[in-house]
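Heads up: the structure comes next, in structure tokens.
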Amino acid sequence: MPARILIAKPGLDGHDRGAKLVAYALRDAGFEVIYTGIRQRTDEIVAVAVQEDVDVLGLSILSGAHISLTAKVIEGLKEVGAGDIPVVVGGTIPPSDQERLLAIGAAAVYPTGTPLSVLVEGLRQLADDDARR
Amino acid sequence: MVAVSRLSRPIAPLFASARKGHAAALGQLLSIVESGGPRAREVADLVRANPGHAYAIGITGAPGAGKSTLTDLLVAQLRARSARVAVLAIDPSSPKSGGAILGDRVRMLGHTLDAGVFVRSMASRGHVGGLALAAPEAMRLIGAANFDVMIIETVGVGQVELDIARFVDTTIVVVNPGWGDDVQAAKAGLLEIADLFVLNKSDRPGADATRADLESMLDARNSSDQDWRPPVIPATAIAREGITEILDATDRHRAWMESGGGIERFRGDRLVQETEAIVRARLDHEVRALFAKTPEELRASLVAREIDPWEAADSVINRIVDQHATPPEPLARDL
């Protein structure tokens, strides 16, 4: 059973090369990747995640607003009864913010520069854990 | 409060929520159907007891023909008519990795926050014919969740994806100007399944010639006056032109199907065909499993010419039949 993952870009930054690279790497690693393009509202991302019932939700954020955007998505998932979908965050995340993201409920943080193999392995682990629960 | 995992929640309450329009519940049930196994059977039982009334429209065509954009516009038009609409967008899985990029939603994002629209992406997971084996059950589930219309979008490359027509009530084939000048066979296949043709991007050069070409192919069919003749509808999705005409033609086809066009017979036929597809898939699965571990004994007797491949095949088939004579574990559904 391939794991299903949503790769979403919340907020206003319009650069999705990184997100696309990750999407293709995950496809090649056997994931089913739902990709929704740039500039998504957090409530839209939540709606897509529950309709698609993904095993993992990946947010790609380069705008600097990663704390508030991630918090909104995690809160939104809880509100619709999907708080158990793990949320991971990738992008330009300063080291000092990584702990904060984990503290507000992110399952993992993959800052720019994370090797794709590390990211793929981490997501596979998360998806497997999700399936076992 | 301890949240119960999405994957072990009891099915009956999920099903009740899905019928009330709860998107997360329907999303989870669709995953269960896709995964197969006893829980999928449990969903199927509930679905069978609560059939819906959804009308199923299929949209197929070559990559880039404009299927997703048209689907988006059709959804908007159907919403204007107050219909609850579900979209099942099926994309091929990579034969190499088994993964897939499911990107059809990108063209339908305007409906994301509309509670009357539900969009689900599905990978074909290697089933020839393009429609995932779980798709018919997923469609019945969507019907049970009280949608009025569902649109099933599949990539059609030549003849490969023709089986969409088995599972929907009206099949729309999307073509573009200049289409199919060199793929006669593909055209013939699509001619058989199309209930209506949409000539998208018809503002481009060659639209008239392609339309005339299609019409003459339709003229050349062996058909009687009682048969449905697929209309060819020009459209320009990016300019939102032709959308009302497509839905009107769909309505006419539906009316024809429901008044003597044989919709009941058609729907019965497709249940039989679905059964056949499941049987084929399961047998295929068993045959692959049997041959996956090299049967050394068999190889030896073949090489020694004690038996020939035809006799060997007989004995393999007998082995499969014998396995089924003694009821084994519950029939696997996760093919």
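The values are calculated or read from the model by the stated rules, or taken from the named source; none is laboratory data. These figures come from a predicted structure and were not determined experimentally. Quick reminder, even Gly has a Cβ in these numbers, built from the backbone with ideal geometry, and neighbours come from all protein chains shown. Ligands, DNA and RNA are excluded from the accessible area calculation, which covers all protein heavy atoms including side chains. Shrake-Rupley method; radii C 1.70, N 1.55, O 1.52, S 1.80 Å.
Quick notes on this one:
- Note on B:ALA16 and B:GLU241: their simple-model spin labels are 5.2 nm apart, each label 7 Å out from Cα toward Cβ.
- For chain A: relative contact order, % (alpha-carbon pairs under 8 angstrom, 6 or more apart): 26
- Each Lys and Arg adds +1 at its Cβ and each Asp and Glu adds -1 at its Cβ; summed about the Cα centre, chain B shows a dipole of about 1340 debye.
- Average partner coverage of A:98-108, which counts Cβ from other chains inside 10 Å: 0
- Distant-in-sequence amide H partners of B:SER121 (H built 1.01 Å from N, under 5 Å): B:ALA89
- Summed buried accessible surface, chains B and A, 1.4 Å probe, nearest 100 Å²: 2700
- The mean number of Cβ atoms from other chains found within 10 Å of a Cβ in peptide A:52-60 is 3, as a whole number.
- Across the range A:23-38, rounded Karplus estimates of 3J(HN,Hα) from the backbone phi angles (6.51 cos²θ - 1.76 cosθ + 1.60, θ = phi - 60°) give 4, 5, 4, 5, 4, 5, 8, x, 7, 9, 10, 9, 10, 10, x, 8 Hz, Gly and Pro being marked x.
- Here's the picture: charge each Lys and Arg Cβ at +1 and each Asp and Glu Cβ at -1 in the range B:270-325, and of B:LEU271, B:ALA292, B:GLN323 the one pushed furthest to the positive end of that dipole is B:LEU271.
- Between amide H atoms placed 1.01 Å from N, distances below 5 Å from B:GLY58 occur with B:ILE152, B:ASP169, B:THR170, B:THR171, B:ILE172, all of them 5 or more places distant or on a separate chain.
- For B:ASP227 and B:THR294, a Förster radius of 51 Å and the Cβ-Cβ distance give a FRET efficiency of 0.45, rounded to the nearest 0.05.
- Simple spin-label estimate for B:GLN323 and B:ALA80 gives 5.5 nm between the two label positions (7 Å along the Cα-to-Cβ direction from each Cα).
- In this label model, A:LEU21 and B:ILE278 are separated by 4.6 nm, measuring between points 7 Å along each Cα→Cβ vector.
- In order through the range B:288-301: 3J(HN,Hα) via Karplus (6.51 cos²θ - 1.76 cosθ + 1.60), integer Hz, x for Gly, Pro: 4, 4, 5, 8, 5, 8, 3, x, 4, 4, 4, 4, 4, 6
- Separation of alpha-carbon centers, the range A:56-122 and the range B:11-49, rounded to whole Å: 29
- Considering only alpha-carbon pairs that sit under 8 angstrom and 6 or more positions apart, the relative contact order computed for the range B:165-320 is 19 percent.
- For chain B, averaging the sequence separation of C-alpha pairs within contact (under 8 Å, six or more residues apart) and dividing by the residue count gives a relative contact order of 17 percent.
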